[in-house]
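**Q** Before we start, here is the structure in question, set down as structure tokens.
What follows draws every value from the coordinates through simple rules; no lab data is involved. Just so you know, these numbers come straight off a predicted model, no measurement behind them. Note: ideal-geometry Cβ built from the backbone for every residue, glycine included; neighbour counts use all protein chains shown.
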Amino acid sequence: MFERILVPLDGSENAEIVFPYCADLAAKFASTVILVTVSEAATVDIDHLYRTYLEHARGKMRQHLEALMVPETVTLESEVLFGDPAREVLRIAEDKDARLILLASHGTSAEGPWLLGHIAAKVLRATKRPVMLIREHAPEAALEQRKLLRRILVPLDGSKIGEAALHYAVALAKKAGAEIALMEVFEPVRAVGATGVSYNIPEDESVRKSLLSYLDHVAGPIKDDGLKVSTAVLFGNAANKIVEHAEKNGIDLIAISTHGRSGLGRWVFGNVTDKILHTGNVAVLVAHATMEWPGYKA
């Protein structure tokens, strides 16, 4: 599923927080890792500078792979690109048929040649390929135990489109021995009474049971594959509840679709995903709801 992983770098140490995650994924999926950086000016001196940096980055990646004792199963490539950073990242993702774009949610603008955070936002909006954003350094305990992904949260909205990220989450969970945590958030309707005062319709136990029934239905085949699955239904603002649940329950990755259906008590995935990407520190895997891959099913 993640046979080719594209890693954009901006020359900053902040951008390199993805390396442990990249090595872990590449080791599990025997991936080809493609490290790239982009120069907006094409000169011989700049080309040499950037190639030197990428060779340094390759060395760091090899160290992470050697720590996992699987460097021979992973192929490392690197390439200096020239032009508009976002466009070049998107272009090479297509040229190399990247199955995952993995990058830090922000770099260090004072040190890096381009603003990685801005690039991440542009890439997310434009690509149909799955994107994983890393927001902070991997915990030392997880690195020592080689268990970066122990619990993967998959927010759902009841639609098939909203289940796009589930396939990726299950594939990762199988490789990592991780637990899948399924959740759905029901946003109570705000209504206006005769006095013009708005109020929230209270939580409805019948709604909770209905949503739990749906989550149990989704969880069934995953449990049959031998994975541990938990379910939760929450009421309130979808983005806030997802982030709170992730931080309170030891979630290592939120796997979410870019959009789903809207309707009574439902939420638009694109809006919620955008809010999640700007809140909290948990890594996020964003899956485009209309993209199909060979071997898409876990």
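**Q** Report the Rg/Rh value for the stretch 4-134, based on alpha-carbon coordinates and the Kirkwood definition of Rh.
**A** Answer for the stretch 4-134: 0.94.
**Q** Would you mind pulling out the separation of the Cα centroids of the stretch 1-72 and the stretch 217-235, in Å?
**A** Answer, in whole Å: 35.
**Q** Between residue 248 and residue 143, what FRET efficiency comes out of the Förster formula 1/(1 + (r/R0)^6) with R0 = 22 Å and r the beta carbon distance, rounded to 0.05?
**A** Values: r = 22 Å, r/R0 = 1.02.
Rounded to the nearest 0.05, the efficiency is 0.45.
**Q** Quick one: which of 227-237, 7-17 comes out on top by average Cβ neighbours within 10 Å, and what's the full order, highest first?
**A** Ranked from most to least packed, the peptides come out as 7-17, 227-237.
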